[in-house]
C-alpha cells in the first residue's frame, strides 16, 4: 500500500470522498447565496435559518402528515421557497435601493427570530429523521464503506448545482435575469416584470437552501442550530469563490469540502478554522475572490 | 376518662403552640442564585432553561417561603465561551449580589467560574460541567461538584466494556478541557483493567460531520471507539457510526457522556443497545417519577436528566445549610456546613459531600432499550448495575486535591 505523508492512500481516498460529500452541502448553500447576491444584491444572512426550516418541514411532513422523504424533497423546497417569497415581498423589497448593510441586518435579525422560534418549540438537541429505506446500506468501495445515502447526496447536489448554473448562463430566462441585474430599468421597458422576477429569484435561492436542508435531515439531527453551524462557513465559501459568481460558488464549495476533509486527517484541531485561513489568504491575494470579476 | 380527655386536649394545644417555635424562622439576608448555563447552544437541553426550573422546584420543595427565606433565581447564557461566562460571573458577584452560581455545563467555563468564585469567596455548585479536576487538582473550599464527573463516567463505562472484551480503544475527543479530562480518566481505567489505547483524535467543539474522524477510528482497528464528547457532538458521532456501518462491522461505540436528552434526540432505533454510565435516571422510584412529571410540564414536555437533578439537589442542600447557619455567612463557611450535613432530598436520595467538594451518590450503568421495550414516553433505560456511591467516584486520595490531608 502506498503511503502519503504517513497516511495510507486508502484512508486518504476515503477522506477525500467524505470531503466531497460535505462540499456538496457547501456548494448547494453557497450557490443559493450567490444567486441571491448576484441578482438581488442582498447578503442573505437568514439562508442558514431557511436551510434549517427546509429540514424541519421535511420532519413535520413525515411526523405530522406521514409524507415520506421523496415527496418531502419536492414539497419542502416549495413551502420554504414560498416563505422566501413572502419575506421578499414583505421586507426585502423595501430595502432594494438602500445600502447592503440594511439587508444584512434585516436578514440577520430574521435568522435569529426564526431560530429562536424553532428552539423554543423543539429544543436544542434536535430530532431524528430516518434515512429513506431505499437508500439505507452502503457499498464497499475497497478503500472505504460508502453509505448509499451519501452517494445520493453527491449525485443530487451536483445535478442541482450544474442545472442552476446552466439555467442562468444558457437559457432565455437566465439571460433576462442577468440583464435585469445589469440594468433593471431597460429590461422593464422591454415589458419584463422585473419586480416579480426578483421575488421569484429569491424564492428559488431559498428553495435551494431547503433542498440542502432535506438532504441533510437524515444525516445530521434536524436541529434549530443546524443553520447557524454551517452558515458562517458557507459565507466564507462565497467570499472565496467571489461574491455572486455562480460557477465560483459551486467549485469552491466542493473544493473547500475537500480541503477541510484533508485537514481533518493531518491536523484535526484546525478543521473548523481552515476555511477561514484560506479565506484570509485568498482575500490578500485576490480581494474579489477566486472567480470574482474584480471590483 | 374526663381527665384523659383534658390531658389530650392540653397536649394538642401544646403541640400546635410548639410548631412555630420548632420551625425556626430564617433571619439571614435574602439569597440570590444564578444559573449560568448554555441557554441556546448544543448543551441547552441537558442543562440550560431546565436547570432554572429545577432550581425553582427545589426552593419550592424546601419550603423556603414558609421558613422566611427570600430566594431569587436568575439565569445567564455563557454561550460556551469561557470569557463570556467569566464576565457574567464577575458581574453577578460584584454588582448583582449573586451568592451562588449553579449548573455551568462546559468545563472550560466551569474552571473559569471556579477560580473567580474562590477569589470572591462565594459559592459554586457545579452540576453541568464534567471535568473531575474541579474536585481534583483545581479543587477549592468554595466549589461542590454534583451529579457526575469524568472519572465516574470513565470508571463505570470503561470497566464494564473492558470486562466484556473491549480491550483496545480509540478516542474521539472534544478539543477542550472536558474532552481531555474524559479521555485521560477513561484511558487510565482502560489501562488499569489491562486494556490498551490505540490512539485518539481531537475534534473541534460543535462539529457537524464526524464521518472523517470515524473513518480514522475504524482504520485504527480498535475494538472500542470512545466518544469523549457530549451533547450534539455525541449524537452526531453515533448517527455517523451507524450510517458508515462501523458498529455493524464489529467495533463497539462507548458513549462516555450520554444524557437522556441525547437518547431522546437520537431516537431508540439508532440509540438502542448503547451502554453507558449515568448519574441519575427519572424512572427509579415514585419520588423521581413525580419530580420528572412536574419538571416536564414546565419544560415543554422534556424530561429531566442528571444535570437537572443535580441542580435540584444542590440547591436543596444549599438552602438546608444556610437555614442551619441562619445568619450572613461567607461562601467558604456555607460550603463547610454543606460538607458537614448529609445530603438528602426526594430527587437524588441520600448522599454526602466529601472534603474535596465531591458530592457522592449511587450511579447507574445503563443500556438503552430497544424500541419495542419502551412502554411509555421517555422510557429509555434498562439499569444494568447500580454502582454504590463509594465505588462510583474517584477515591479521595487519588484526586490530588489540596484540601485532602
Residue under evaluation residue A:97, criteria (1) without any contact (Cβ under 8 Å) to a residue 24 or more places away in the chain; (2) away from every other protein chain (no Cβ under 14 Å); (3) part of a helix (DSSP H, G or I), criterion not met: (3)
Complete set of residues in region B:104-117 that are modelled with pLDDT of 95 or more and on the phi > 0 side of the Ramachandran plot: B:104
Filter result for residue B:288 (assigned to a loop (DSSP other than H, G, I, E, B) and farther than 18 Å from residue B:135 by Cα): no
Unmet criterion (only one of (1) exposed (fewer than 15 other Cβ atoms within 10 Å of the Cβ); (2) within 14 Å of chain B (Cβ to nearest Cβ)) for residue A:147: (1)
Some residue of region A:1-10 being assigned to a helix (DSSP H, G or I) and under 19 Å from residue A:265 (Cα atoms): yes
Residues located in region A:225-250, provided they are within 15 Å of residue A:205 (Cβ to Cβ) and within 14 Å of chain B (Cβ to nearest Cβ): A:227, A:231, A:234
Subset of region B:90-110 (residues that are part of a helix (DSSP H, G or I) and under 16 Å from the mean Cα position of the chain (by Cα)): B:107, B:108, B:109, B:110
Count - residues of region B:184-208 that are under 22 Å from the mean Cα position of the chain (by Cα) and under 30 Å from residue A:216 (Cα atoms): 2
Candidate set: region B:60-79, residues that are touching a helix residue (DSSP H, G or I) at 6+ places or on another chain (Cβ under 7 Å) and not in a helix (DSSP H, G or I); chosen: the one surrounded by the fewest Cβ atoms within 10 Å (Cβ to Cβ): B:67
Options B:281, B:312, B:303; residue that is within 14 Å of chain A (Cβ to nearest Cβ) and either over 21 Å from residue B:364 (Cα atoms) or under 18 Å from the mean Cα position of the chain (by Cα) (or both): B:303
Selection within region A:263-288 - part of a helix (DSSP H, G or I), within 14 Å of another protein chain (Cβ to nearest Cβ) and under 21 Å from the mean Cα position of the chain (by Cα): A:274, A:275, A:276, A:277
Which numbered condition residue A:191 misses (of (1) more than 14 Å from every other protein chain (Cβ to nearest Cβ); (2) closer than 30 Å to residue A:13 by Cα; (3) part of a loop (DSSP other than H, G, I, E, B)): (2)
Tally, over region B:296-315, of residues that are assigned to a helix (DSSP H, G or I) and either modelled with pLDDT under 95 or surrounded by fewer than 24 Cβ atoms within 10 Å (Cβ to Cβ) (or both): 3
Yes/no for residue A:129 being over 20 Å from residue A:39 (Cβ atoms) and surrounded by 15 or more Cβ atoms within 10 Å (Cβ to Cβ): yes
Residue among A:107, A:80, A:164 that alone is in a helix (DSSP H, G or I), modelled with pLDDT of 95 or more and under 20 Å from the mean Cα position of the chain (by Cα): A:80
Evaluation of residue A:125 against (1) more than 30 Å from residue B:41 (Cα to Cα); (2) within 14 Å of another protein chain (Cβ to nearest Cβ); (3) touching a helix residue (DSSP H, G or I) at 6+ places or on another chain (Cβ under 7 Å) (one fails), failing number: (1)
Condition met for residue B:186 (out of contact with any helix residue (DSSP H, G or I) (no Cβ under 7 Å at 6 or more places or on another chain) and not assigned by TED's automatic domain parsing to the domain that holds residue B:331): no
Those residues of region A:100-122 which are more than 9 Å from chain B (Cβ to nearest Cβ) and under 28 Å from residue B:243 (Cα atoms), in sequence order: A:118
Which numbered condition residue B:359 fails, given (1) at pLDDT below 95; (2) out of contact with any helix residue (DSSP H, G or I) (no Cβ under 6 Å at 6 or more places or on another chain); (3) within 22 Å of residue B:182 (Cα to Cα): (1)
Residues within region A:68-84 that are free of Cβ contacts under 8 Å to residues at least 40 places away in the same chain and surrounded by 17 or more Cβ atoms within 10 Å (Cβ to Cβ), tallied: 1
Candidate set: region B:194-229, residues that are assigned to a loop (DSSP other than H, G, I, E, B) and in contact with a strand residue (DSSP E or B) (Cβ under 6 Å, 6 or more places away or on another chain); chosen: the one nearest to the other protein chains (Cβ to nearest Cβ): B:205
Residue count, region A:85-104 (criterion: surrounded by 14 or more Cβ atoms within 10 Å (Cβ to Cβ) and farther than 20 Å from residue A:203 by Cβ): 1
Filter result for residue A:208 (part of a helix (DSSP H, G or I) and surrounded by fewer than 16 Cβ atoms within 10 Å (Cβ to Cβ)): no
Odd one out for residue A:64, checked against (1) over 22 Å from residue A:275 (Cα atoms); (2) at pLDDT 90 or above; (3) touching a strand residue (DSSP E or B) at 6+ places or on another chain (Cβ under 9 Å): (3)
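The values are calculated or read from the model by the stated rules, or taken from the named source; none is laboratory data. Quantities reported herein were computed from a predicted structural model and do not represent experimental measurements. Glycine gets a Cβ as well: all are built from the backbone with ideal geometry, and neighbour counts include every protein chain shown.
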